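The values are calculated or read from the model by the stated rules, or taken from the named source; none is laboratory data. What you are looking at is a predicted structure, and each value in this text was computed from that prediction instead of being measured. Neighbour counts are summed over all protein chains in view; Cβ atoms, including those assigned to glycine, are modelled from backbone coordinates with ideal geometry. Heavy atoms of the whole protein, side chains included, go into the accessibility calculation; ligands, DNA and RNA do not. Shrake-Rupley method; radii C 1.70, N 1.55, O 1.52, S 1.80 Å.
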Amino acid sequence: MVPVILRRQFAPGAAVAWLGIIFLHPYIGFALYLTVGETRLGPRRVERHRELVEQFRSAMRQAIGGRDETGAMALPPAYQPMIRQAEKISGLPVLGGNEVEFMTDSALMVDRLVSDIDAATSQVHLLYYMFVPDATGERVVKALERAAGRGIECRVIVDAVASRTFFRGPCALSGRLQSAGVKLAAALPVAPLKRELPRMDLRNHRKLAVIDGRIGYAGSHNLVNPDYGGRHGGPWFDATGRFTGPIVSEMGIVFAEDWGFETREILDVPTVGDGVPLNQGTAMQIVPTGPTSPGESFRRVFLAAIQTARTRVMMTTPYFVPDEPTLVSLMMAADRGADVTLLLPLVPDHLFTAAAGRAHFSRLMEAGVKILLYRPGLLHTKSTTVDDTFALFGSANLDVRSFNLNFELTVLLYGADATRSIRRIQEGYAADSIPIDPLAWARRPALKRYTESALALLSPLL
């Protein structure tokens, strides 16, 4: 196992954690490594995904031509480092001329989505981590059935593991949709014997809808009731943006890549409409990340954002399992005098993950980072606002899984108006949160502190 782990070129912390488990108990360590150690999709699938990415994103750049330069150069110099970093990672340019409406009410989000599906004239494309056969899922299914009945091209991708009840079980939705003429695809089906996917927890975590190439939805809402089937004992609090403008073309490219990856069907490349003023409205940029290009990870996007902060950083995430570069970046931002605030759920739904994250709270608070715990339910919104400059908004958590394992989708929004819109949502969460007192935190029972520190050693594997 030693040469296997060294050959994989893990980060030092992950390599040490795996070696420690294997030397502690070789058989258990070997079994765990086979289950959750490999992050690869299989060589053939990785190559196919990279080919699709190059095909669609190069076509997008050619369709844009020189127009993206007008939009980028019109933005203030403070935005330029983030724009360049995001484009380096995603290969997608910043585009102006966009509008967004943020929704934190789950019922309102579903109402708007169903209404837009009912008004569709050509295509409905949905990509969701969870599509559940409950009241919310039923509403969306009926809207898709109506759209398909009108002759609208409908395609749906759902994660094969998180949405397994969509495909199987007494309330499965897949049969109804296929009978109505909706095309379906399961994202990342697990097939270890075929070497298609060696582990179950490497998932497509994106939440995305593209309707007629004109309207896009992205954020943290899944297609499930607000209580997520009672998984947490209370409501989940999400946020989704409804986007219009040229940015929807980049969302369409992400869907086309994932659809081609799972079905081998190549869709027409969405393009930006002629005559759209790229240097007006809100400038935005789509940054899809995933395990097929480990160097192009969400962590690089997040670290670039924190490193540009000068006055204020505010973050919301349900899961916080940072690696050392993330911790150092947050502490350095506080050292520079920035007001750094992290909002997390008071009661988490993954106890081990939460405990591993809590082990780092003392270091962060000593550096001046404020940590708030949200009381009303499970805070599931994933957002970061930096100064009054730009914001990150989408599906990615601040944990190792989103950094290295999952396919994620992040929208970068530039400008004071968009940043303040997201910050108002964050401040609403903060008003219902409890700040952690650093002195009280240091006086917690020793057993709890040691347990969290022990679990933190395994954080590279969580």
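Below, the figures for the structure above:
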quantity: Sole exception among (1) without any contact (Cβ under 8 Å) to a residue 12 or more places away in the chain; (2) crowded, with 19+ Cβ neighbours inside 10 Å for Ala354, by number; calculated: (1)
quantity: Condition met for Ala72 (among the aliphatic types (A, V, I, L, M), over 30 Å from Ala309 (Cα atoms), part of a helix (DSSP H, G or I) and at pLDDT below 85); calculated: no
quantity: Single condition Met109 does not satisfy, out of (1) closer than 21 Å to Gly252 by Cβ; (2) open to solvent by 40 Å² or more (accessible area, probe 1.4 Å); calculated: (2)
quantity: Single condition Tyr79 does not satisfy, out of (1) at pLDDT below 80; (2) crowded, with 18+ Cβ neighbours inside 10 Å; calculated: (1)
quantity: Within segment 293-409, helices (runs of 4 or more DSSP H) holding 3 or more residues that are touching a Phe, Trp or Tyr at 6+ places or on another chain (Cβ under 9 Å); calculated: 298-308, 351-358, 361-366
quantity: Subset of segment 387-411 that is touching a Leu at 6+ places or on another chain (Cβ under 8 Å) and of a type in the set (Val, Ile, Thr) - its residue that is surrounded by the fewest Cβ atoms within 10 Å (Cβ to Cβ); calculated: Val400
quantity: From the options Thr136, Thr121, residue that is touching a residue at least 24 places away in the same chain (Cβ under 8 Å), closer than 27 Å to Arg57 by Cβ, not in a strand (DSSP E or B) and not basic (Lys, Arg); calculated: Thr121
quantity: Flag for Tyr429 being surrounded by 18 or more Cβ atoms within 10 Å (Cβ to Cβ) and not polar (S, T, N, Q); calculated: yes
quantity: Given (1) of a type in the set (S, T, N, Q); (2) within 13 Å of Tyr319 (Cα to Cα); (3) in a helix (DSSP H, G or I), number of the condition Gln426 does not satisfy; calculated: (2)
quantity: Filter result (in contact with a strand residue (DSSP E or B) (Cβ under 8 Å, 6 or more places away or on another chain) and aromatic (Phe, Trp, Tyr)) within segment 419-462; calculated: Tyr429
quantity: Residue pairs meeting the criteria (Cβ under 8 Å; at least 6 apart or on separate chains; first over 14 Å from Leu208 (Cβ atoms), in segment 146-169; second among the β-branched types (Val, Ile, Thr) and assigned to a helix (DSSP H, G or I)); calculated: Arg146/Ile117; Ala147/Ile117
quantity: Residues of segment 139-178 classified as part of a helix (DSSP H, G or I) and either more than 22 Å from the chain's Cα centre (by Cα) or not charged (D, E, K, R) (or both), total; calculated: 19
